[in-house]
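No lab work stands behind these numbers, since they all come straight from the coordinates. It should be emphasised that the depicted structure is a prediction, and the values quoted were computed from it without experimental measurement. Reconstructed Cβ throughout: ideal geometry from the backbone, glycine too, with neighbour counts over all protein chains shown.
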Amino acid sequence: MITAQNLSYEVNQKQILRDISLEVTQGEMFGILGPNGAGKSTLLKCLSGYQKPSSGDILMDGVSLENLNLKELACKRAVLTQQVVVNFPFTVLQIAAMGRGHGADFGNSSVDFDIAKQALELTEVLHLQDRQMSSLSGGEQQRVHMARVLAQLWDKNDALLFLDEPTSSLDLKHQFLLFDICKDIAARRGFTIIVVLHDLHMARRVCDSVLMLREGRTFSKGNVQEVITANAISELYEISISRVHI
Amino acid sequence: MISALRRHFTSEGLNTKSQYTNITLGLGILLVFLLVIASTIGAIQIPFQDLVTGQLSEFDQAVLFNIRFPRVLLAAIVGAALGVSGAAMQGLFRNPLADPTLIGITGGAALCVAATIVFVGPIAGYLGLYSLSFAAFAGGSVTCLIILRLSRLSGTFSVTHMLLAGIALNALTFASSGYLSFLSDDQQLRAISFWSMGSLGGALWEPVIVAMTIVIPCIIAISRKSKELNVLLLGEENATYIGIDTQRLKRTIVVCAALCVGMAVAVSGVIGFIGLVVPHLIRLMFGADHRLLIPGSALLGASLLLLADTLARTIAAPTEIPVGILTSIVGGPFFLWLLIRQSKGGI
């Protein structure tokens, strides 16, 4: 579904990513793990086509990212970023409908609003639809943005979903809900999901395979059960092995 | 009460569109009404009934066509230009405090006008007005790009950097303008100081025509980008993911807003705070959707500056207060109130 070959990214002569290769197959849930500052978010930005890597190729569905324009990309993949601050009084429903912004009416047709409502229902925030976005709690806002991202690909199959720490402010119930939604669209609609996670227990539970990053390099990658081991965690996060309980 | 009003207007659906049309129409009617009233008031009162029924004396007609109409129309156009550029800048910077005057765009435009007056000399007529407008546009767009650059020095956008960069640029352009007046001869000095007070006095048809041909296309161009501006509020990165060409959008907004500011500065000097107050009032009453905010800010800005200008020329009659002073007296405290409200998370 998506492959990257020898990906490197540097900015101001500082190497953020070094020689990363990966392959994610369709329907897979792929985790990116690593300590703070390992380059996880940057990798996600490169893979999703926002930042152009300094060297290396990324193929989405066999097509090089460079050959896809913004609209085509917007119909193929959606991205949930870490933090979105909206400074103006927009309602929850308006925000969710913005996910339909790749359409002809930039998310303002009645179809777009219908889809936005269904997406809000899926992430359990439909009851907040007329509230101001800024009056919501962090977790609620995160669920609204998840709904927006889902709305973007609502009528698509075989698409890609990039999630950057999607559970950072969610309570336990909604963490499970979010991954249930992911599993469901992966199974039923052939979605491929690439997720940056900090919670290793959650990663073991939900991911099929993972990539561990350290200082911009591949630390290890492969099947989740084989990669996330006490030894690997101890070495990657520089904590004594006696503190690691899997 | 205001929030109740807003809740009423922000429900979704297809009726939103007709609602927006109705609000825009209402604001349009308000503007026309104010235009008529304002053109009857002044040193020479023109009876309202005579104006409506068309029974005007020749003298009244002359006053109306040569003095009043150009004056009220210019006030309306400059107000519209300032309102729209404020709304567009706030959308671009994704922050309600981004006012062209506060962040130095007006200052940049003013500096270029002063430079043109001093180095090229006052050019009269249409050619002169257009060249002043484009000089102001150049100054405005350059400062806008500098601010955009500086406000994201730390990697992500920072309001603090935006406002601080604005202070620095304002100081710089103010000092440079001051130096230019120091360099200029008597005639140039008169031209600069007359213009820099921010006044619509002595309006003729020429600036009205020039302003209209620049401002109206810009308002239309910005209005057509309003849906994309909505999505841009999610941030550049997220808007890109949704398929918006943010670079092109930013270019269009910077060019159009700088043209509006530049034109306003060229014909009327520095009139502050309209670009800050007007979009905020629209947001407070009707929500933040740019589909309404852009045309709404144009119409309300026109009404508000017309009102302010009418006050400025009648309040201390027979002399005139420069309208820029009046708007700043009202706008300064308003900005402080906005700042307090925002720091409490009220916006």
Percent RCO, i.e. relative contact order, over region B:155-282, from Cα pairs under 8 Å lying at least 6 residues apart: 31 percent
Mean-position separation - Cα centroids, region A:80-114 and region B:133-186, in angstrom: 33 Å
D_trans [Stokes-Einstein, Kirkwood Rh over alpha-carbon pairs] for chain A, 10 °C, 1.306 mPa s, µm² s⁻¹: 85 µm²/s
Fewest-first ranking of B:94, B:71, using other Cβ atoms within 10 Å as the exposure measure: B:94, B:71
Sorted by Cβ density within 10 Å, fewest first, the residues A:137, B:181: A:137, B:181
For residue A:77, distant residues with modelled amide H under 5 Å away: A:160
GNM flexibility winner over chain B from B:120, B:277, B:267 (Cα, springs under 10 Å): B:120
Peptide ranges B:207-216, B:40-49 listed from the most packed, as the mean C-beta count within 10 angstrom indicates: B:207-216, B:40-49
Helix axis angle, A:172-189 relative to chain A longest principal axis, alpha carbon, degrees: 90 degrees
Given charges at beta-carbon only (K, R positive; D, E negative), |dipole| of chain B in Debye: 1040 debye
Inter-chain Cβ neighbour average for residues B:224-231, partner chain, 10 Å: 4
Mean projected area (nm²) of the alpha-carbon convex hull when region B:139-289 is viewed from all directions: 10.8 nm²
DSSP bridge orientation in region A:125-245 - percent antiparallel, rounded to nearest 5: 55 percent
Contact order normalised by residue count of region B:238-328, Cα under 8 Å, 6+ apart, percent: 26 percent
GNM flexibility winner over chain A from A:120, A:22, A:150 (Cα, springs under 10 Å): A:22
Helical mean residue ellipticity (222 nm; -39500 (n - 2.57) per DSSP H run of 4+; nearest 500) of chain B: -25500 deg cm²/dmol
Fraction of beta bridges assigned by DSSP in the protein assembly as shown that are antiparallel (%, nearest 5): 55 percent
Inter-centroid distance (Cα atoms) of region A:187-202 relative to region B:288-347, Å: 50 Å
Chain A: antiparallel DSSP beta bridges as a percent of all, rounded to 5: 55 percent
Value of Rg/Rh across region A:28-162 [Cα atoms, Kirkwood radius]: 0.99
Cα centre as origin, Lys/Arg/Asp/Glu Cβ charges: the protein assembly as shown dipole, Debye: 360 debye
Taking chain B and dividing mean pair separation by its residue count, relative contact order in percent (alpha carbons under 8 Å, at least six apart): 32 percent
Positive-pole candidate from B:319, B:247, B:329, dipole of region B:238-341, charges at beta carbon: B:247
Sorted by Cβ density within 10 Å, fewest first, the residues A:66, B:206: A:66, B:206
Selected from A:135, B:136, A:97, residue furthest toward positive end of dipole (the protein assembly as shown; charges at beta carbon): A:135
Helix-only CD estimate at 222 nm, as mean residue ellipticity for chain A, using -39500 (n - 2.57) per DSSP H run (n ≥ 4): -10000 deg cm²/dmol
Cα-based helix-to-principal-axis angle, A:110-122 vs chain A, degrees rounded to 10: 50 degrees
Most to least packed among B:59-68, A:202-211 [average Cβ atoms within 10 Å]: A:202-211, B:59-68
Average beta-carbon neighbours from other chains, 10 Å sphere, peptide A:145-155: 1
Average beta carbon contacts from partner chains per residue of A:94-107, 10 Å cutoff: 5
Options B:104, B:222, A:125, ranked by Cα towards positive dipole end of the protein assembly as shown, top entry (Cβ charges): A:125
